[in-house]
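Peer 1: Following this message is one structure expressed as C-alpha cells.
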Protein chains: 6
Amino acid sequence: MRIAVINPNSTASMTAKIGRVAQAAARSDTEILALNPPDSPASIEGYYDEAMSLAPLLRTLQQQQDTGKVDAFVIACFDDTGLDAARCLTTAPVIGIGEAAYHMASLVANKFSVVTTLPRSIPALEHNLTRYGLISRCARVRAASVPVLELERAGSDAGLRIRAEIEAALREDQAEAIVLGCAGMADLADQLSAEYGVPVLDGVRCAVALAEAMVSIRLQTGKTGGYALPVLDKGEV
Amino acid sequence: MRIAVINPNSTASMTAKIGRVAQAAARSDTEILALNPPDSPASIEGYYDEAMSLAPLLRTLQQQQDTGKVDAFVIACFDDTGLDAARCLTTAPVIGIGEAAYHMASLVANKFSVVTTLPRSIPALEHNLTRYGLISRCARVRAASVPVLELERAGSDAGLRIRAEIEAALREDQAEAIVLGCAGMADLADQLSAEYGVPVLDGVRCAVALAEAMVSIRLQTGKTGGYALPVLDKGEV
Amino acid sequence: MRIAVINPNSTASMTAKIGRVAQAAARSDTEILALNPPDSPASIEGYYDEAMSLAPLLRTLQQQQDTGKVDAFVIACFDDTGLDAARCLTTAPVIGIGEAAYHMASLVANKFSVVTTLPRSIPALEHNLTRYGLISRCARVRAASVPVLELERAGSDAGLRIRAEIEAALREDQAEAIVLGCAGMADLADQLSAEYGVPVLDGVRCAVALAEAMVSIRLQTGKTGGYALPVLDKGEV
Amino acid sequence: MRIAVINPNSTASMTAKIGRVAQAAARSDTEILALNPPDSPASIEGYYDEAMSLAPLLRTLQQQQDTGKVDAFVIACFDDTGLDAARCLTTAPVIGIGEAAYHMASLVANKFSVVTTLPRSIPALEHNLTRYGLISRCARVRAASVPVLELERAGSDAGLRIRAEIEAALREDQAEAIVLGCAGMADLADQLSAEYGVPVLDGVRCAVALAEAMVSIRLQTGKTGGYALPVLDKGEV
Amino acid sequence: MRIAVINPNSTASMTAKIGRVAQAAARSDTEILALNPPDSPASIEGYYDEAMSLAPLLRTLQQQQDTGKVDAFVIACFDDTGLDAARCLTTAPVIGIGEAAYHMASLVANKFSVVTTLPRSIPALEHNLTRYGLISRCARVRAASVPVLELERAGSDAGLRIRAEIEAALREDQAEAIVLGCAGMADLADQLSAEYGVPVLDGVRCAVALAEAMVSIRLQTGKTGGYALPVLDKGEV
Amino acid sequence: MRIAVINPNSTASMTAKIGRVAQAAARSDTEILALNPPDSPASIEGYYDEAMSLAPLLRTLQQQQDTGKVDAFVIACFDDTGLDAARCLTTAPVIGIGEAAYHMASLVANKFSVVTTLPRSIPALEHNLTRYGLISRCARVRAASVPVLELERAGSDAGLRIRAEIEAALREDQAEAIVLGCAGMADLADQLSAEYGVPVLDGVRCAVALAEAMVSIRLQTGKTGGYALPVLDKGEV
C-alpha cells in the first residue's frame, strides 16, 4: 500500500527524518511518500503556525488524493494540524500523529504524559486531547522548552531537556508511558524507551502502523456528517 | 473606539448584513469596520471551509492590526474560525461570534440550545463548546438544514425551518434561551425573541457588545502562553 | 443607564470602594448605585455568610427593581451569592462578579488561576466554576490566607500575600491570566496587571462592563425555566 | 439517638407527613424531631424560595444544636437547601434528602431518574447532581408538573402525573431506579416500588437511615476547610 | 439482621480483623458473618488478584444467599472486587467498602484524599471513582507503598508511611477528609482521626453502617437492567 | 507473527466464527490462534458472566504466554472481559475487541453509536467507555434485544433487529459510524457497511489489525504501574 506522510512545515531535513522513521516502521510492502508542502511555516509552534500551514497542507493532500494511488494519509505534525479538514477530502483513512500516539498509549498504559517542545504548544495539545476524549488518560502535557528546529541542530542539548521532563513525568505524574510530542523527536523513541523501561511512543510510527491497520481492514472515513465532502460550488447569491 | 468585524467568507451581501447589525448594536461612538477577506470560501460550512479561510482571515486581521487604529476584533463566523490563531497576532481583544453568544447565553439561561445551518457543522460547534467548557450549558446543537447562502436568498423558506427547530428546542431540550448558529441569521434575533418569549441570541451583536466591554475596561489578550506572538523568523537549520 | 451594584455584606468602606471602581469602569452615561443591604454579615467568607446574606440582598434588589429605573444588577461578592435567586426577580440582566471575571478571563487566556482570600472559600468557588462549566478553564483556585476585612485595613500585608500566590500561579499553574477572587481586591487589578505582564481581572469591572454590554443589546434574563418569576401566593392547603 | 428533621418550608401538614415517614423509617431507639422554621416560604419551588428559607432554616438548626442533644440533622427539602451552610454550624452529620436519595440510588442501580414537581426546579437539582459528582449516574431529571402543595391536597391527580413520568423514565431513560424528587412524595415510595418492580427511593427515609448510619460509626462533619465554623466576630474595620 | 462480610482474599488474620471491626461498628442486633472464600489470592493487589478472586467470592456469596438468612452483603476489599457481578445474584443490598467510604466521605467533606497500599492499585481505584461519579470529589489517590500483608505483620513501619501520606494530603490536596484505602487498615481509623482532627474513614465500618441503613428502609438492588439475575441455562446452540 | 484470540466464552461455533473473521482480516504472515477456555460460561451477558469467565480466560492466556511464541493477545468479548488483569501477565500487547472498535471508530467519525445484544449489557459497556475516556465520542449504546447465542442460530431474526437499531442510530443519534457490540456479529460488518453507507466496525477485525500494528512497531504493555507483573508469592503472615 502507499501512505502519504505530510509534514505540514517546510523544513526538509525534518521531512526526511520523518520519512526515514516512517519507512523503517512500515511493512515491507508499504511505500511511504514523505512530503512537505511549499509555502508553509518552517515549524509549527502554536496556533498561528498551525493556521498558516493549513491551505498548503490541504492542497498537497488533494494532489495526492487526485493520483488515486494513496491508500492512507498521515499528518506528521503533533498538533494534528488540519486533521478534520483533511478528512473531508477523502474516504481514505487520515491519521494525525498526535492522536495516533494518544490512542496507542491508551492501549499500553493506564495514564501517559506528553513531552512536547515549547510551552506555547501546550494549550493546543490539551484542546486536542479534550476533543478526542483522551484527556482523562493524559496525566500531564509537559514542555521541554526546546524549539522545534533545535531538534534538527547538531550539538543541541535538546536530548537532556527532554530526558529531564521524562524523569519528572515518571516521578510526579504516575505516568506509565511517555508520548513524545513532536514529529522531530521521532528518532528518539527507541533509545528513550530502553533507557527508562517504559513505553516511549513516537507519533510517526504509531500513525503509520495505524494507517496500515485501517487499510488492511478497509476502514474508511465516514462521509455522512462532519466529514462529508466539501461543497465547492455553492452557487450564486 | 474602532472594532474590525471580519466575516471570513467572501460573500459581500452577508458582510454587509453583518456590518449593519453590528453597527446598530454598537455604541454611538463605536466605528464598525465590516470586512471580508479576498480569496476565501463563499461560505463556511464545516471543517474544510474553515481551514481554507484561515490564511486570508489572518492576513486581513494583520493588516488592520498594522494600522494601529483597531481596538478590538470580531470574527464573524459562528465556527469561531481561526480564533486562537488570531489572538496570537494582537494584544487587542479578539472575539468569535460563537463564543460570544455561548457566554452571553450562559448569563441569562440555565441551559441554551443552538440552531445552526447544516448538520455537517454540528461537530465543529460541539468541539468548540467542549473546548470553551460550556458544553454542559448547551442542551443541544440543532441544524435547520439550511445552507448558509440560502439565508441570503429572497423567497427562501429558511425562516420556517429555523422556527421549527426553535420550537423543538423549547419543547424537548428544556432550553431557556436559543442561540442562532450562523452570522447570516443576525437579523432574525429580535423578531424570534419576540415571537417565542425567550432570549434569542445573535452572535454578532453579542460579540460587538463584548468587544466594547473588554475595551472599556482595557482587558487585553494574554501573551505569555498559547497566545504568545508568533515567532516569524525561526532561523536557519 | 443605571446599574445597581449590590455588595451583599454590610461593610460600608468596601461598598464605597466597589462603587468607586465600578463608576470608574463604567461609561460616562452609566449611573452606578452602590448599595449594601442592612442586616447582612460584615463579610462573606464561606457558605454560612453567603446564606445569611441572601434575604437582605434579595430585598434590596427587589426594592431597586420596584423603582422601575434599574437596567441591570451586579452582585458584588465573588461567591456570586444569591445569583440564581436574584435572576428570578427580574428580567433585567443580573451578573455576579465571580462569573463575570471567569467568562472574561476565558476570552483572553487559555487557562486562568484565581487568587481568593481564605482557604474556606475555595470549595464554594470551585462549585460555582463547576456549575458554570468553566472549571476546565481554571487551572487552580488559590487562597492568599487574607481575611476579607484585612483588605480594608491600612498597613496590612495583604498585598504581599496576594503577590506570592500570583507568582506561584504563573510559575506552577500555566495560568495565562489571574482572576482576583474578592470584591475587596477591586482596586489592585491595574497595578498587578502592570507588574506581572499578564491580564489580572477584577470582577467588579468585568461585571459592570458585561452589564452595560447586555443592556446595550437588550439581552434579558429568561423567564421560562429555572429563572421564572417566583410564585408568591401559593394558596391555602 | 435524636435526629432533627427540618422541613425548610412552613407548611405544617407537610412537616407532619415528613415526621411520620421519618419516624417509621427510624430505628426504635431513634427520636425524630420534625420541625419547620417560622417565617419561611409555604413551599420551596426554585431558587428564590430556597434563598428565602435559608436564614430561618439555619436559625432553627442552631437552636437545636444549642440544646446539645441532637445527634444528626436532616434537611427535608429535595433541593438540599442550605446544606453547605448548615454543615458549617455543627460537627454532627447534616444530610440533605436529595443527596441522600442520590447516593442510595447509586448503590442499587447503574442509573436512576428523578421525578420532581415543577419544571422550574429541574436546574437546581441538576446543579446539585453536578456538584455532588453524581450527575453521571442520573439518566434524567423529570418534572411531573405538580406544584409542591398539590401533593397535600385531597383529590389531586398528582399521583397520576407522577406515575406517567415514572413510566416514561422506565421506558426511555434506561433508569434502573426512580428517585422521588420532593419531600411531599415521601409517603408514595413503597406503593410505587411495588407497582413498578424497581427501587423507588424517597429522600426522607434515605436521609434518616444515612444519618443513623453516620452517627453509629461516629462520623462527623469535617471542620478544616469549607465547613469550618463561621467566624462570627470579624472585628472592626 | 445478618450481614455477610466477605473478604475476597484468603488471609484469615485479615478476615478476623475485618470481622472485629465490623461487629464493633454494627448495631447490637446485627450479626456479622466474616468470611473468606477458599482458593483466593492471599491479598488483592491490582487487577490480576482482583480477577482471580472473583469466582471464589461469588460462590461464597451464592452459598450465603442460598441460606435465605442474609440481609445484606459487604465486599471487604477496597477495590470493590466483583461488586457488580455480586449485585446480579441477589436482591439484597451489596456494598463494597471502597464505594461505601467514598459516598460517606462525600457527606462530610467537600473533597477527600485516599491513602492506599501499593502504587499498582491506584489505577483500579481511580477507575472505580470515575465509574461511581465521585472522582470529582476525590482530590488524589495516594499510595503509602505498603504491601497489604505488611499491615498484618507486627513491627511493620506501615503506620509511619500511612501517616506521611495523610500529612501530605492535608498539606497539598486541600483534602477535608481521608479515606483509608485497604480493608487491612480498618483498625487505624479512630486513632488517625483523633491525631489529625479530620474525618478518617474506614470502608469496613462505612459499609456495615450503610448496609444496616439500606436494610432498615428495605432498599433492594434493582433487577431490571445491568443487575438482572444471570441467565444460567442459555440453551443449546 | 502469532496472535492468540481468546473468546472467553465456551461456545465453539462462536470461537470458530471469530477465528475465521480474524484470519481473514490478518496479514498473510500472521497466524491466528482462536481459543476458548474450558469451564467458562456459554456466553458473556452482563457482569456475572464476565466475572465467571475471568479465571479460565487468564489461565488460557498464561498458557499461551508460557509458550513464548505469542506476539499479541486479543480478548474477543465485546465487554473487554479481564482486559486489565490480562495486561498484568505479559509485556505483549493485549487488546479488547470493544476498545479496539471504539478507538478505530474515533478515527473515522466524530461520533459513533454502539449496537449490542441485550439491554443488560449496556451498563458494562458504558462503564468501559467512561474508563477509556471515549464516552464523549459515543452518541449512544443501543441494544437489539438479541441474546448472544441467538446470533449462532440459523433462522434467527437477529439481523432484522440489529438493522432496526442501526437505522435508529443514524436517524436519531447523529452517529457517523456504527460499532457492532458483540463478537458474534463479526461476520455482519461488511454487509451492513455496504447497506448503510457508513463505517460499520467489528471489534474482532479492529483488534487483530491493532495488534499487528502494535507488534510491528514493537509497542509493549507498560510494567511500572497498574499493569506490573502480579506478585504471586506474597510471603507468610
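The values are calculated or read from the model by the stated rules, or taken from the named source; none is laboratory data. Source: prediction; values computed, not measured. With ideal geometry, Cβ positions are generated from the backbone for all residues, glycine too; neighbour counts draw on all protein chains shown.
Peer 1: If only one of C:L188, C:L160, C:L151 is touching a helix residue (DSSP H, G or I) at 6+ places or on another chain (Cβ under 9 Å) and surrounded by fewer than 24 Cβ atoms within 10 Å (Cβ to Cβ), which one is it?
Peer 2: C:L188
Peer 1: Test C:G82 against the criterion of being at positive phi and more than 9 Å from every other protein chain (Cβ to nearest Cβ), and give yes or no.
Peer 2: no
Peer 1: Six or more apart or on different chains, Cβ under 7 Å: which pairs go from a residue in region B:7-31 that's farther than 15 Å from B:G203 by Cβ and assigned by TED's automatic domain parsing to the domain that holds B:I44 to one that's surrounded by fewer than 24 Cβ atoms within 10 Å (Cβ to Cβ) and among the acidic types (D, E)? Could you list them?
Peer 2: Listed by first residue and then by second, the contacts come to B:T11/B:E152; B:S13/B:E152.
Peer 1: Quick check: anything in region E:140-163 within 11 Å of chain F (Cβ to nearest Cβ), in contact with a strand residue (DSSP E or B) (Cβ under 6 Å, 6 or more places away or on another chain) and small (G, A, S)?
Peer 2: Checked region E:140-163: at least one residue is within 11 Å of chain F (Cβ to nearest Cβ), in contact with a strand residue (DSSP E or B) (Cβ under 6 Å, 6 or more places away or on another chain) and small (G, A, S).
Peer 1: Is there a residue being modelled with pLDDT under 95, of a type in the set (A, V, I, L, M) and over 17 Å from the mean Cα position of the chain (by Cα) anywhere in region D:167-181?
Peer 2: no
Peer 1: Tally the residues that are touching a Gly at 6+ places or on another chain (Cβ under 7 Å) and touching a residue at least 40 places away in the same chain (Cβ under 8 Å), restricting the search to region E:56-83.
Peer 2: Of the residues in that region, 5 qualify.
Peer 1: C:T130: in contact with a strand residue (DSSP E or B) (Cβ under 8 Å, 6 or more places away or on another chain), at pLDDT 95 or above and polar (S, T, N, Q), yes or no?
Peer 2: Against the criterion (in contact with a strand residue (DSSP E or B) (Cβ under 8 Å, 6 or more places away or on another chain), at pLDDT 95 or above and polar (S, T, N, Q)), C:T130 does not qualify.
Peer 1: Among (1) in contact (Cβ under 8 Å) with a residue 24 or more places away in the chain; (2) within 12 Å of another protein chain (Cβ to nearest Cβ), where does C:A183 come up short?
Peer 2: Failed condition: (2).
Peer 1: Is it the case, given these coordinates, that E:I3 is farther than 20 Å from F:L58 by Cα, facing another protein chain (nearest Cβ under 8 Å), at pLDDT 95 or above and part of a strand (DSSP E or B)?
Peer 2: So E:I3 does not fit the description; no.
Peer 1: Report the residue count in region E:1-10 for those that are in contact with a helix residue (DSSP H, G or I) (Cβ under 7 Å, 6 or more places away or on another chain) and surrounded by fewer than 24 Cβ atoms within 10 Å (Cβ to Cβ).
Peer 2: Residues meeting the conditions: 1.
Peer 1: Among (1) among the small types (G, A, S); (2) closer than 28 Å to C:A92 by Cα; (3) modelled with pLDDT under 95, which single condition is C:G159 missing?
Peer 2: Here C:G159 clears every test but (2).
Peer 1: Which residue pairs have Cβ atoms under 8 Å apart, sit 6 or more places apart or on different chains, and have a first residue in region D:39-55 that is at the interface with another protein chain (Cβ under 7 Å from one of its Cβ atoms) and a second that is among the aromatic types (F, W, Y)?
Peer 2: D:Y47/C:Y227
Peer 1: Something else: Would you say C:S113 is buried (at least 23 other Cβ atoms within 10 Å of the Cβ), more than 11 Å from chain D (Cβ to nearest Cβ) and over 28 Å from C:Q62 (Cα atoms)?
Peer 2: yes
Peer 1: Here's something else I'd like to know. Yes or no: region B:209-224 includes at least one residue that is in contact with a helix residue (DSSP H, G or I) (Cβ under 7 Å, 6 or more places away or on another chain), surrounded by fewer than 24 Cβ atoms within 10 Å (Cβ to Cβ), modelled with pLDDT of 95 or more and assigned to a helix (DSSP H, G or I).
Peer 2: yes
Peer 1: Right, next: Go through (1) within 13 Å of chain B (Cβ to nearest Cβ); (2) over 29 Å from E:S121 (Cα atoms); (3) surrounded by fewer than 24 Cβ atoms within 10 Å (Cβ to Cβ) one by one and return the number of the condition A:L125 breaks.
Peer 2: Going through the list (1) within 13 Å of chain B (Cβ to nearest Cβ); (2) over 29 Å from E:S121 (Cα atoms); (3) surrounded by fewer than 24 Cβ atoms within 10 Å (Cβ to Cβ), A:L125 breaks only (2).
Peer 1: Here is a further query. Does F:I135 meet the test of being modelled with pLDDT of 95 or more, facing another protein chain (nearest Cβ under 8 Å) and out of contact with any helix residue (DSSP H, G or I) (no Cβ under 8 Å at 6 or more places or on another chain)?
Peer 2: no
Peer 1: Considering only residues that are within 8 Å of chain E (Cβ to nearest Cβ) and either in contact with a Gly (Cβ under 8 Å, 6 or more places away or on another chain) or among the hydroxyl-bearing types (S, T, Y) (or both), which ones fall in region D:207-223?
Peer 2: Hits for region D:207-223 are D:S216, D:T221, D:K223.
Peer 1: Suppose we filter region A:170-185 for residues that are assigned to a helix (DSSP H, G or I) and surrounded by 24 or more Cβ atoms within 10 Å (Cβ to Cβ); how many remain?
Peer 2: 3
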